[in-house]
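Taken together, the values in this text are just the output of simple stated rules run on the coordinates, not laboratory data. Computed from a predicted model, the values in this text were never measured in an experiment. Quick reminder, even Gly has a Cβ in these numbers, built from the backbone with ideal geometry, and neighbours come from all protein chains shown.
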Amino acid sequence: MAMNGFSKMAATAILLVLAIVPAAMAVNHTVGGAEEWSSGVDYTDWVKGKTFRVGDILEFKYGSSHAVDVTTKAGYDNCDTSESTANHFDGDTKIELKTAGTKYYICPTPGHCQNGMKLTVTVVAASPATPTPPSSTPGTPPSTPGSPPAAGTPPSTPDSPPPAGTPATPTPPTSSPPPPSGASKGVMSYVLVGVSMVLGYGLWM
């Protein structure tokens, strides 16, 4: 039972991480920057140098005299509100970019779109999270058992003679242990006699 509960907790934690990571990677773009969504702003210049990806958010901040219409290319080009597919007027509109492609937005207040209050952005696919391969340090690869020797290096064998010109190292002669001295022989004789006497005494007893 405890293991089952732990598995449920682990699965819940994984789902939370998967839900949080994409949100953390998304970028919130305040349309117009400090000037926000208002008249007299060049939104063509504002989008320069920016990248809009799927999952990012466009945030329109504006006063009560403005609104935001999601429209088509024809509605954008002609400032035609009849082409609008959605209308927002809450003063702080957040629109998530859910698909790739070109998106179009205009202010439906009469005259505002004609004066430049219109926005088009090109949305690209979200970047996949790819692991960074480990960097390889140049150098000589480690040798493995059984690998052939490097080019130019003669193989070494246990019985290979030393190269020419190398003085041979003399092998010291193996000396046998010295024979036992006469004193040692005498001591051994006394020991044997003593052992015999002890054994004989034991038999008699």
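Enumerate the aspartates and glutamates that Lys61 could reach by cross-link, defined here as Cα to Cα under 14 Å, with residues fewer than 8 away along the same chain left out.
Qualifying aspartates and glutamates at Cα under 14 Å: Glu35, Glu36, Asp69, Asp90, Asp92.
Taking +1 at the Cβ of each Lys and Arg and -1 at the Cβ of each Asp and Glu, which of Thr85, His66, Val123 sits farthest along the dipole of region 27-124 towards its positive end, judged by Cα position relative to the Cα centre?
Farthest towards the positive end: Val123.
For region 27-124, give the share of DSSP beta bridges that are antiparallel, in percent and rounded to the nearest 5; count only bridges with both residues there.
75 percent
Just want the ordering: Ile95, Ile57, Ile106, from fewest to most Cβ atoms lying within 10 Å of their own Cβ.
Exposure proxy ranking, most exposed first: Ile57, Ile95, Ile106.
Quick one: net charge around His112, please, counting Lys, Arg +1 and Asp, Glu -1 for every other residue with C-beta under 11 Å from its C-beta.
For residues surrounding His112, the net value is 0.
Assign unit charges at the C-beta atoms only (+1 for Lys and Arg, -1 for Asp and Glu), then state the dipole size of region 27-124 relative to its Cα centre in Debye, rounded to the nearest 20.
Dipole magnitude for region 27-124 comes out near 300 debye.
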